[in-house]
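Working notes, structure below.
The values are calculated or read from the model by the stated rules, or taken from the named source; none is laboratory data. The shown structure was predicted, so the numbers you read here are calculated from the model rather than taken from an experiment. For neighbour counting, all protein chains shown are included, and Cβ atoms are generated from backbone atoms with ideal geometry for every residue, glycine included. Please note that ligands, DNA and RNA were not included when accessible areas were found on the heavy atoms of the full protein model with its side chains. Shrake-Rupley method; radii C 1.70, N 1.55, O 1.52, S 1.80 Å.
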Number of protein chains: 2
Amino acid sequence: MIARLYLEDLHLGQTFTTGSVTVTTEAIKAFARDYDPQPFHLDEEAARDSLFGGLAASGWHTAALSMRLLVDGLPFAGGLIGVGGETTWPRPTRPGDTLTVHIEVLAITPSKSRPDRGMVRTRNETRNQHGEPVQISNLGIVAWSRPAA
Amino acid sequence: MIARLYLEDLHLGQTFTTGSVTVTTEAIKAFARDYDPQPFHLDEEAARDSLFGGLAASGWHTAALSMRLLVDGLPFAGGLIGVGGETTWPRPTRPGDTLTVHIEVLAITPSKSRPDRGMVRTRNETRNQHGEPVQISNLGIVAWSRPAA
C-alpha cells in the first residue's frame, strides 16, 4: 500500500509509474460506439483505408484509460482533481496494446489565497508495450497540504 | 443533411454549433466506474463533502461527450481526426446538464509537404443549459483538400 501523497511529499523531477492496462478490440469499438463513432475506430476494413492504416482507439479513449491508470497509480491524498492540460497523441493506441503512464512532476505552486492546497503540473506520458508514447499530457492537478497533526 | 466540409470550405472565424446531449446521473457513474473511479464521480454523499460540493462528471467524460457532439455535428469530409490540444474544465458537468459544443475556426494551415491536407485549429466551448462553459478546448483537426473534379 502506497502512502497518500500531500503537497509536502512532492518535489520537482519526482517520477511515478502506474500499473498497466491491455486494450482489446472490443473495448476500442465499445468506447467508439458511445463517444467517437467513426469508421477508423469501429471497423477494421474501413480503418485500413484511413489515415490510421488499421483499427485505432479514439484519442479520448487513450485519455480515459490514462486517467484510470493515474487514479489507480498516483496516490494523491484527496484524489486526483485535474483542472485541465495539453494533450497530444503522437501515435494511436492499437488493439492488443498494453499501456502504462510515466509521470514526472514539472511544477509545484502553493496557492496564494488558500494555504490548504496547491497546483501540481505533471507531464504524463502514456506508452505502449514498445515504449512508444501514444499520449503526452501536461496536466494540472490539485494537491492538498498535509493537515496539522 | 449538411455538406461534408473540405479545407477549402473553412474560413477564419467560422462558427458551428453541435446538437445537444443531456447527461444522466447513471451515465456519470458508469463512465466513472470504467475510467475515473473517484468518490466525487460515483457517490452523491461523498461528492457533497468534496471540492465539487455535489456529484460531478469526470472531466474526461465531458471531453468524451464533447467529442461525440463534434463527430455528429461538425461534418468534416473524411471525419474528425484530432492531433491533440489544450483542454480546461472551468466548472464540472452536473447530473441533468444538457451540453452543446460551440466551435470557432482559429487557424487554417495547409500542409507544406502534403497538398491533400491541412491542419485546422478550433476553439471548442462545451456549454451547459445555462450557457456556462464546462470545457474549453483548443483542438487541432486534420482537414482534407477537395479532390480534383
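Report, by residue number, each residue of the range A:53-66 that is open to solvent by 10 Å² or more (accessible area, probe 1.4 Å) and at the interface with chain B (Cβ under 8 Å from one of its Cβ atoms).
The answer is A:Gly59, A:Trp60, A:Leu65.
Which residues, taken from the range A:67-81, are assigned to a helix (DSSP H, G or I) and either in contact with a Pro (Cβ under 8 Å, 6 or more places away or on another chain) or more than 7 Å from every other protein chain (Cβ to nearest Cβ) (or both)?
A:Arg68, A:Leu69, A:Leu70, A:Val71, A:Asp72, A:Gly73
Between a first residue in the range A:7-20 that is free of Cβ contacts under 8 Å to residues at least 40 places away in the same chain and charged (D, E, K, R) and a second residue that is part of a helix (DSSP H, G or I) and open to solvent by 40 Å² or more (accessible area, probe 1.4 Å), which pairs have beta carbons less than 6 Å apart while being 6 or more apart in sequence or on different chains?
Every condition considered, no pair remains.
Restricting attention to the range B:21-40, report how many residues are out of contact with any Lys or Arg (no Cβ under 9 Å at 6 or more places or on another chain), free of Cβ contacts under 8 Å to residues at least 60 places away in the same chain and either of a type in the set (Ser, Thr, Tyr) or closer than 30 Å to B:Gly118 by Cβ (or both).
Number of matching residues: 0.
Please specify each residue of the range B:22-41 satisfying the condition of being more than 9 Å from chain A (Cβ to nearest Cβ) and either within 18 Å of A:Gly73 (Cβ to Cβ) or open to solvent by less than 30 Å² (accessible area, probe 1.4 Å) (or both).
Once the filter is applied, which keeps residues that are more than 9 Å from chain A (Cβ to nearest Cβ) and either within 18 Å of A:Gly73 (Cβ to Cβ) or open to solvent by less than 30 Å² (accessible area, probe 1.4 Å) (or both), the range B:22-41 yields B:Val23, B:Ile28, B:Ala32, B:Arg33, B:His41.
Tally the residues that are open to solvent by 70 Å² or more (accessible area, probe 1.4 Å) and either within 17 Å of the chain's Cα centre (by Cα) or within 11 Å of another protein chain (Cβ to nearest Cβ) (or both), restricting the search to the range B:42-52.
Of the residues in the range B:42-52, 2 are open to solvent by 70 Å² or more (accessible area, probe 1.4 Å) and either within 17 Å of the chain's Cα centre (by Cα) or within 11 Å of another protein chain (Cβ to nearest Cβ) (or both).
What do you reckon, is A:Gly84 under 12 Å from the mean Cα position of the chain (by Cα), at pLDDT below 95 and under 26 Å from B:Asn138 (Cα atoms)?
Considered against the rule, which asks whether it is under 12 Å from the mean Cα position of the chain (by Cα), at pLDDT below 95 and under 26 Å from B:Asn138 (Cα atoms), A:Gly84 comes out as yes.
Identify all residues within the range A:1-21 that are open to solvent by less than 40 Å² (accessible area, probe 1.4 Å) and closer than 30 Å to B:Arg68 by Cβ; write none if there are none.
Hit for the range A:1-21 is A:Thr18, nothing else.
Within the set of pairs 6+ apart or on separate chains, which have a first residue in the range A:112-126 that is among the small types (Gly, Ala, Ser), a second that is assigned to a strand (DSSP E or B), and C-beta atoms under 9 Å apart?
The qualifying pairs are A:Gly118/A:Ile108; A:Gly118/A:Thr109; A:Gly118/A:Pro110; A:Gly118/A:Val142; A:Gly118/A:Ala143; A:Gly118/A:Trp144.
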